[in-house]
Amino acid sequence: RAAVSEQLKQLKGMNLVASVDGGKLELTPQGAHVVARIASKREIVTRFLVDVLKVPYEIAIQDSCKVEHLLSEATAAKLVRFVQFTKSDKPSAKAFLAEYEKVDKNCTFSDGCGLCSNVCMIDEHKVH
């Protein structure tokens, strides 16, 4: 209970929540904005995972919930631009996605690609 009280005190101090009628809490406009930004991050991560990487929706939802609070505003903005590009009608975007799909289905790095220093993530965590 003390931890909750301390967290609420911090949120109030940051002007993210306010006490209203009878001690109830509600988000301030600033708090609502923070929540909306986090929800937008979750949406863009989900879109990236599902639409670009072809991760199954259920897994993408779980992963995006884990990532949404950790993603910086700068990274989220870059991710939005990347997903916008991949969803565009530009021939370069279509070519990029086609090439990625080939690599995703037929990894040719049997000796490792050098990205995973300890263990190959592709061999042990294939997404079907």
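Laboratory data are not the source of any read-out in this text; all were calculated from the coordinates shown. As the structure is a computational prediction, the values presented were derived from the model and not from experiment. FYI the Cβ positions are ideal-geometry reconstructions off the backbone, even for glycines, and counts take in every protein chain you see.
When the residues of segment 28-58 are narrowed to those that are of a type in the set (D, E, K, R) and under 21 Å from Lys105 (Cα atoms), which ends up surrounded by the fewest Cβ atoms within 10 Å (Cβ to Cβ)?
Filtering segment 28-58 for residues that are of a type in the set (D, E, K, R) and under 21 Å from Lys105 (Cα atoms), the one surrounded by the fewest Cβ atoms within 10 Å (Cβ to Cβ) comes out as Glu58.
For Lys12, are the conditions met, namely being among the basic types (Lys, Arg), in contact with a Lys or Arg (Cβ under 9 Å, 6 or more places away or on another chain) and over 24 Å from Ile122 (Cα atoms)?
no
Report those helices (runs of 4 or more DSSP H) wholly inside segment 1-88 carrying at least 3 residues which are touching a residue at least 12 places away in the same chain (Cβ under 8 Å).
Answer list for segment 1-88: 29-47, 57-67, 73-87.
Which residues, taken from segment 40-94, are of a type in the set (Gly, Ala, Ser) and closer than 23 Å to Ile122 by Cα?
Result: Ala60, Ser64.
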